[in-house]
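All remarks here apply to the structure that follows.
Read-outs: derived from the displayed coordinates by stated rules, not from any lab. Computed from a predicted model, the values in this text were never measured in an experiment. Because the Cβ atoms are built from the backbone with ideal geometry, glycine has one as well, and the counts that use them run over all protein chains shown.
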Amino acid sequence: MTEPSRDRSGEPGAGLPSFAGEPGTAEELAAEWEAEKPPAAGPLSNLAAALVVIALGVFGAIQSLGLGTGAAASPGAGTWPFLVSLVLIVLGVALAVSARRMSDAEQFSSASWAVLLGLATMVGFGLLIPMIGFEIPGVLLAFAWLKVLGRESWRTSIIASLAIVAAFYLIFVIALGTSIPHLF
């Protein structure tokens, strides 16, 4: 086993070259991150974000009730979406209560449009599932997120979208026999 390189001071790694412009210590790195971070959102922005989360939870709960939640012994297609929607509502209320004290949320910017696009595609996905099943909306959602939001290549976006939906189909429809709306 070899010893780490040492300079005349005897400190490990002290003789290694430093790169120009790179911070050398944790404190310098933290200061650099602090200088580069976007402006913080104010209490009104935090409250608006909380209300969006609550609205999304309420919308999801209403939509999942339309799918049917079933019973504990035989859950329906809307059971898990309903439970996740309830969690969203609770988290949104907690966010609204703490909106004034939060200081680590970022201010809305042009990058926020990507989040709204992701939300819009998810809403479209939820609206289309009861009508045409999950396969086509699932491929479209995965493709939009990979190609547009993730900036993946065409090939990766197409192959991954099809593979994701095929995996969900095999797991939830074939293996588990769930009552999720599907075409095939």
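Brief remarks follow.
- Taking 0.36 nm per residue of separation and subtracting the current Cα-Cα distance, fully stretching the chain between Val87 and Asp104 would add 3.9 nm.
- Spin-label proximity, Trp80 to segment 161-176 - amide N less than 17 Å from point 7 Å beyond Cα toward beta carbon: 164-176
- Full-stretch length increase - Trp113, Val139 - with 0.36 nm per residue and alpha-carbon distance subtracted: 7.2 nm
- Summarising the label geometry, the points placed 7 Å from Cα in the beta-carbon direction at Arg151 and Ala35 lie 2.4 nm from one another.
- Chain lengthening between Ala71 and Glu28 when straightened (0.36 nm per residue, less Cα-Cα): 9.9 nm
- Gyration tensor (alpha-carbon) shape descriptor, segment 97-154, a/c threshold 1.5: oblate
- Residues with amide H under 5 Å from that of Glu106, placed H, sequence gap 5 or more: Ala41
- Only Cα pairs under 8 Å and 6+ residues apart enter the sum, and on that basis the relative contact order of the chain stands at 18 percent.
- Sequence-separation-based contact order of segment 35-109, relative, with Cα cut under 8 Å and 6+ spacing, percent: 49 percent
- When shorter helices are ignored and each DSSP H run of at least 4 residues is given -39500 (n - 2.57), the per-residue value for the chain at 222 nm works out to -18000 deg cm²/dmol.
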